[in-house]
1. Any residue at all in the range 104-117 that's touching a residue at least 60 places away in the same chain (Cβ under 8 Å) and within 22 Å of residue 18 (Cα to Cα)?
2. Restricting to the range 39-72, what's the tally of residues that are surrounded by 17 or more Cβ atoms within 10 Å (Cβ to Cβ) and touching a Pro at 6+ places or on another chain (Cβ under 6 Å)?
3. Just one of 97, 123 is buried (at least 17 other Cβ atoms within 10 Å of the Cβ), over 25 Å from residue 25 (Cβ atoms) and not polar (S, T, N, Q); which is it?
4. Suppose we filter 44, 18 for residues that are without any contact (Cβ under 8 Å) to a residue 40 or more places away in the chain and of a type outside the set (Val, Ile, Thr); which single one remains?
5. Condition first: assigned to a loop (DSSP other than H, G, I, E, B) and buried (at least 17 other Cβ atoms within 10 Å of the Cβ). Now tell me which residues in the range 13-35 satisfy that.
6. Condition first: of a type in the set (A, V, I, L, M) and over 12 Å from the mean Cα position of the chain (by Cα). Can you find one or more residues in the range 65-72 that meet it?
7. Of all residues being outside any helix (DSSP H, G or I) and touching a strand residue (DSSP E or B) at 6+ places or on another chain (Cβ under 6 Å) in the range 42-75, which is farthest from residue 129 (Cα to Cα)? Just the residue, please.
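Read the figures in this text as sums done on the coordinates, not as results from a lab. Keep in mind the model is a prediction, meaning the values are calculated, not measured. For neighbour counting, all protein chains shown are included, and Cβ atoms are generated from backbone atoms with ideal geometry for every residue, glycine included.
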Amino acid sequence: MDSHSQSARQSVATDAAPAALGPYSQAIIAGGFVFCSGTVGIDPQTGQVAEGIEAQTEQALRNISAILNAAGASMADLVKTTIFYADVDDYSKLNEVYARYMPDPAPARSAPANVKLPRGILVSIEAIALLPA
């Protein structure tokens with residue numbers, strides 16, 4: 001790898017979203033994109049998991065927005081999301097909240113269901129955004 005490639009990869013961290021709880025970054029900026037790690041519905045101030053699928057989805061999306069803002073991007077710059085969620089029966093509730101946060105046109109998306117997440121977490125959302133020029 002040349003030295004330019006090394007300097008072009010940068011970590012993003014903000015107190016406005018839950019801290020990384022392991023060997024990962026909240027996001028990485030590389031190649032003109034922002035790659036956000038799976039982000040959950042934990043309140044960054046209290047550390048508490050939000051109650052229920054709608055509240056967790058809403059908090060996860062607020063957390064993604066904060067991470068994107070720290071990287072110099074916004075929800076309007078999203079190009080791809082992946083939603084991992086615990087109960088396929090929550091799909092319509094999750095979608096209702098998700099739709100309020102998405103730009104038009106909405107980003108490409110994958111949504112695998114019945115995923116077991118720690119701490120009673122019902123949803124984790126990862127996102128890729130195009131960094132504005």
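1. yes
2. 1
3. Going through 97, 123 in turn, just one is buried (at least 17 other Cβ atoms within 10 Å of the Cβ), over 25 Å from residue 25 (Cβ atoms) and not polar (S, T, N, Q): 97.
4. 44
5. Matches in the range 13-35: 14, 17, 18, 26.
6. Looking through the range 65-72, at least one residue is of a type in the set (A, V, I, L, M) and over 12 Å from the mean Cα position of the chain (by Cα).
7. The selected residue is 49.
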